[in-house]
1. Could you go through region 295-304 and let me know if any residue there is in contact with a strand residue (DSSP E or B) (Cβ under 7 Å, 6 or more places away or on another chain) and outside any helix (DSSP H, G or I).
2. Test D315 against the stated conditions and say whether it is buried (at least 17 other Cβ atoms within 10 Å of the Cβ) and either without any contact (Cβ under 8 Å) to a residue 40 or more places away in the chain or in contact with an Asp or Glu (Cβ under 9 Å, 6 or more places away or on another chain) (or both).
3. From the list T148, T178, which residue is hydroxyl-bearing (S, T, Y), more than 28 Å from L86 (Cβ to Cβ) and touching a Ser or Thr at 6+ places or on another chain (Cβ under 8 Å)?
4. Name the helices (runs of 4 or more DSSP H) wholly inside region 308-362 in which the number of residues that are acidic (D, E) is 3 or more.
5. Scan (1) buried (at least 16 other Cβ atoms within 10 Å of the Cβ); (2) touching a Ser or Thr at 6+ places or on another chain (Cβ under 8 Å) for the single condition V50 breaks and write down its number.
6. Could you run through region 118-161 and say how many residues are more than 30 Å from V75 (Cβ to Cβ) and either at pLDDT 95 or above or hydroxyl-bearing (S, T, Y) (or both)?
7. I'd like the full set of residues that are free of Cβ contacts under 8 Å to residues at least 24 places away in the same chain and within 15 Å of L207 (Cα to Cα), limited to region 221-249.
8. Between a residue in region 465-477 that is small (G, A, S) and any residue that is surrounded by 16 or more Cβ atoms within 10 Å (Cβ to Cβ), which pairs come within a Cβ distance under 7 Å, given they are 6 or more apart or on different chains?
Amino acid sequence: MEFECVIGLEVHVQLMTQSKIFSGSSTAYGASANTQACAVDIGLPGVLPVMNCEAVLMAATFGLAVGATVNPVSVFARKNYFYPDLPKGYQISQYEIPVVSGGSLEIATEEGNKVIRITRAHLEEDAGKSLHEDFHGMTGIDLNRAGTPLLEIVSEPDLRSPGEAVAYLKKLHALVRTLKICDGNMQEGSFRCDANISIRPRGETALGTRAELKNINSFRFVERALHYEIDRQISVIESGGTIAQETRLYDPDADLTRSMRGKEEAHDYRYFPDPDLPPLAISRADLEQLRAQLPELPDARQARFISEYQLSEDDAAQLTSETEIADYFESALEQAGGESRLAANWINGELMSWLNKSDLLITESPVTPAMLGQLIQRIRDNTVSGTTAKEVFAALWDGEGGGNVDTVIEKKGLTQITDTEAIAGVVSKVIQAFPKQAEQVRSGEEKVIGFMVGQVMKATSGKANPQAVNEELKKQLLG
């Protein structure tokens, strides 16, 4: 039997407010345990929550960006359950009427673009954190995170593969960072997801029993966890078993999922409207002001890069995957004399390779957009070849030449040889040194000319102009 998987994602986006959703406590990351939890956060008797207006505006901004309905009135509810790190015994969330309803994101798949529907996005508070390490068999509780504002974004079960799930998450991640409502730091838990997954025989429309994979904070881990869970569920069904509706945890070290608890239904949480919070109202004037302030969204920027800079769809998608990368590209382009494709190739290739090797963000790059733009100019005016330009880039990365491209080129003697007589002399010597290959070119095997070009470049330490070398080789060998 052939199966297909059905995936829906619940993404928890930590909103980039300076204070918590219902109190004035700081949301700064990394403080000592339990130093940023006030009486409201830990639910002491007699305290009252007060809504953080900035969190509301951020939620509404997201709704506008995905073409959703931002409800003029929404309601907060108490979601009752017991966790050691949930001091009130309930979480303030939204249930029947969320702040955002509907919307969609479009992702690229192997079969073409696909629209993923968004069910809702609702505001809620985060719980604290249970710490199990270094406590000699006991668990420590840190309530610094309790009350941190979250926007939970729930998709429809429209995803049909782990690859599609990752594409959706990356698209959502880029969007919330572009909107500046979330820093997107997955290591710190600012962007994490719960994945609901089930399988069914291909061609059926009824949904299978789902398992929920809880709190995954890495694109790679999401993909690995979903692949494992698909294989596990197929194995259970093919062996005659049934899938339990449960919450499971993904163990990245063992690369498997483990049962955590039975999956609750909505009625298990005993939702009811929070009596301490009035209905949340958002005016039409506020929405129009937010709409006017929307930045250029990733899809629109990608389309502009294709039309304005004549980039391929793949290059434009890579450059707009993060706001900072797109900003770097456009800033470098100002110095690069309009060489958009060359700039795209250098950023998506050489720069990204160095950043990955050094585990740096593009905002931390030692090679600034101005430096890269100047280097591209020197490639463009034939001062350096593409090969020696990589040597210049490496020197700039290491801080040589005070960040000045021309200084590095002069200091290292990397100026490209364009003198035709000098190139002709080197070509002649290479032909004499490799008579067999020279005869192959003369007999029609022109692909061998690439080998000859390489030998000339080697003889000139990469300084010769490759195009001039190619032309001179053809002239001397083919007439």
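The values are calculated or read from the model by the stated rules, or taken from the named source; none is laboratory data. Owing to the predicted nature of the structure, the values given are computational and were not obtained by experimental measurement. Note that each Cβ is placed from the backbone with ideal geometry, even for glycine, and that neighbours are counted across all protein chains shown.
1. Within region 295-304, not a single residue is in contact with a strand residue (DSSP E or B) (Cβ under 7 Å, 6 or more places away or on another chain) and outside any helix (DSSP H, G or I).
2. Numbers: buried (at least 17 other Cβ atoms within 10 Å of the Cβ): yes; either without any contact (Cβ under 8 Å) to a residue 40 or more places away in the chain or in contact with an Asp or Glu (Cβ under 9 Å, 6 or more places away or on another chain) (or both): yes.
For D315, the condition - buried (at least 17 other Cβ atoms within 10 Å of the Cβ) and either without any contact (Cβ under 8 Å) to a residue 40 or more places away in the chain or in contact with an Asp or Glu (Cβ under 9 Å, 6 or more places away or on another chain) (or both) - is met.
3. T178
4. Values: elements: 313-319, 323-335, 340-346, 352-358.
In region 308-362, 313-319, 323-335 are the helices (runs of 4 or more DSSP H) which contain 3 or more residues that are acidic (D, E).
5. Failing condition for V50: (1).
6. Matching residues across region 118-161 total 3.
7. Step one: filter region 221-249 for residues free of Cβ contacts under 8 Å to residues at least 24 places away in the same chain, giving 231, 235-236, 239-241.
Of everything in region 221-249, nothing turns out to be free of Cβ contacts under 8 Å to residues at least 24 places away in the same chain and within 15 Å of L207 (Cα to Cα).
8. A468/I423
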